[in-house]
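Any read-out appearing in this document is the output of simple, stated calculations on the displayed coordinates, not a laboratory observation. Keep in mind that this is a model prediction, so the values were computed, not measured. Backbone-built Cβ (ideal geometry, glycine too); neighbour counts: all protein chains shown.
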Amino acid sequence: MDDDNLKNCTSQLLPELSGLNSSDMLDALATMLNSHRDRATLKIMLHDCLYPNNSHPYFLPWWQKAIWTSLFGAMLLVSTTGNTTVIWIVLAHRRMRTVTNYFLVNLSVSDLMMSLLNCVFNFIFMLNSHWPFGSVYCTINNFVANVTVAASVFTLVAITLDRYMAIMRPLRHRMSRRRARLLIAVVWASSCLLALPCLRYSQTMTRKYRNDSSRTVCFMEWPDGHYPHSVTEHVYNIVFLSLTYVIPVIAMAVCYTVMGQELWGGSIGEQTQRQLDSIKSKRKVVRMFSIVITIFALCWLPYHGYFIYAYHDKSVTESKYVQHLYLGFYWLAMSHAMVNPIIYFWMNNRFRVYFKYALCRCCSNQYPHDLELTNADCISRSRSGGTKRQKHLQHKRLEGKMSHLSLNAQGGGAAANENATSAVLKRTANSIHINNCNNSNNNIDVITRQNS
């Protein structure tokens, strides 16, 4: 510390302390030193006063910002598009409105909220180390972050419970849609309850530098200080980590292990073809959700580990590369929101068909091969243009033809009879007379199928 810094510090502090006599000043300093929260604030104030930064301490060059912007932009685009499509697939098609799919919609809603209401603003904040969105949205942002994370995890637990009951207790009544909606409401209520401290302790603080620049930060100011000095925040992080990561991941891993042993274990006696198809379909469902949970655990592990480690080794927060380190961990954690729709497309035939339909509809107004109708089912537009009634009747008739593709509610699960469905659809597709339908593609009423 040189004389200039000392003089500068004195000139800044004296106006603030001019209204206090020596006794009051000593009492105030004693109070701050006895309070962990005030002691941390005093430390920051004295550090900024005695060792001021000449400029913004977390400034990234433009090319580094461009790289991170590209990575986060691609992730947000895939996440937003994919989860919006999943929501549309289920809500816009009556046969897709099943218990398991309701949970998938809830998972997509939480991931979509995380991407649009939290990730975008947090990325801008971390990229520039400056919060330009005000104190109100600072509170909302922190609250939404914890709510959506908890809702995603609790929804995965609900899906695991539904799959476990369908496979391990097939003779019991399956979860009704009403009960599923009630469980979803409980998921959001418990998530909001877990995130309540964010509404109480979120705030902003502006710090100024010698070259007249300043930056505003959004953070949690707990009764005993802020991260990484607050013991209260450390305890909250441990509780949050346990309830939204450690306990759910262990519980889901145990459940899927038990289900795997049931489905892949040896069976006694001969089985019918229908039973074999049901077991094969259940295996596909268990395999898909096992991958979803595994990717979730891997994506969030570095992020949670960073905060726990930083509390015990505070020097990591002062590292030269802390901004890149945190951006990397945060990108990995947020990327799980874009991975789920990709997994549905990759491992579920029905979702794959609907994704193709949505893509073809957006790009070329054409229909994917699996959703085209036979020549007999092509509906040509009359000269007067009045075909809505014909389309409606044709849709109902074809929907009745395909009703045998419905899943068995007792044992079919989310993908039961999928092989039989795919075979029927392939035979239907092979019988299409494309040449006779090319001129009326825009008038074909696409018939969808169930994904329970």
A correct Karplus calculation of ³J(HN,Hα) over region 71-77, with 6.51 cos²θ - 1.76 cosθ + 1.60, θ = phi - 60°, whole Hz and x for Gly and Pro, returns 5, 5, x, 5, 4, 5, 5
Karplus-derived 3J(HN,Hα), 6.51/-1.76/1.60, for each residue of region 151-166, Hz, glycine and proline x: 5, 4, 5, 5, 5, 4, 5, 5, 4, 4, 4, 4, 5, 4, 5, 5
On a full-extension model of 0.36 nm per residue, what is the gain between Ala74 and Ala92, subtracting their alpha-carbon distance, rounded to one decimal in nm? 3.8 nm
At a Förster distance of 25 Å, what's the computed FRET efficiency of Val322 paired with Ala185, Cβ-Cβ distance as r, to 0.05? 0.05
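For a footprinting-style exposure proxy, rank Asp224, Asp111, Asp162, Asp313 by other Cβ within 10 Å, fewest first.
Values: Asp224 17, Asp111 27, Asp162 22, Asp313 9.
In order of increasing Cβ crowding within 10 Å: Asp313, Asp224, Asp162, Asp111.
For Tyr164, what is the net charge nearby, where nearby means another residue's Cβ is under 14 Å from its Cβ and Lys, Arg count +1, Asp, Glu -1?
Counting the neighbours of Tyr164, the net charge comes to +3.
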Estimated vicinal HN-Hα couplings, Hz - region 283-299 in sequence order (Karplus 6.51, -1.76, 1.60; Gly, Pro = x): 4, 5, 5, 4, 5, 5, 6, 5, 5, 4, 5, 4, 5, 4, 5, 5, 5
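Extension gain Tyr309-Gln64, at 0.36 nm per residue separation less the Cα-Cα distance, in nm? Before the final figure, lay out each step's value.
On the way: separation 245, 0.36 × 245 = 88.20 nm, distance 2.57 nm.
Here the segment from Tyr309 to Gln64 would lengthen by 85.6 nm.
Sorting Glu262, Glu318, Glu233 on the 10 Å Cβ count, fewest up front, what's the list? If you can, show how the numbers build up before the last one.
Working: Glu262 15, Glu318 8, Glu233 23.
Ascending number of Cβ neighbours within 10 Å: Glu318, Glu262, Glu233.
Test of understanding: ordering Val316, Val187 by Cβ neighbours within 10 Å, fewest first, what list do you get? Don't skip to the answer; put the middle values down first.
Values: Val316 16, Val187 22.
Fewest-to-most ranking of Val316, Val187: Val316, Val187.
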Find which of Leu171, Trp188, Ile140 sits farthest along the positive direction of the dipole of region 62-347, computed with +1 on the beta-carbon of Lys and Arg, -1 on that of Asp and Glu, about the Cα centre. Leu171
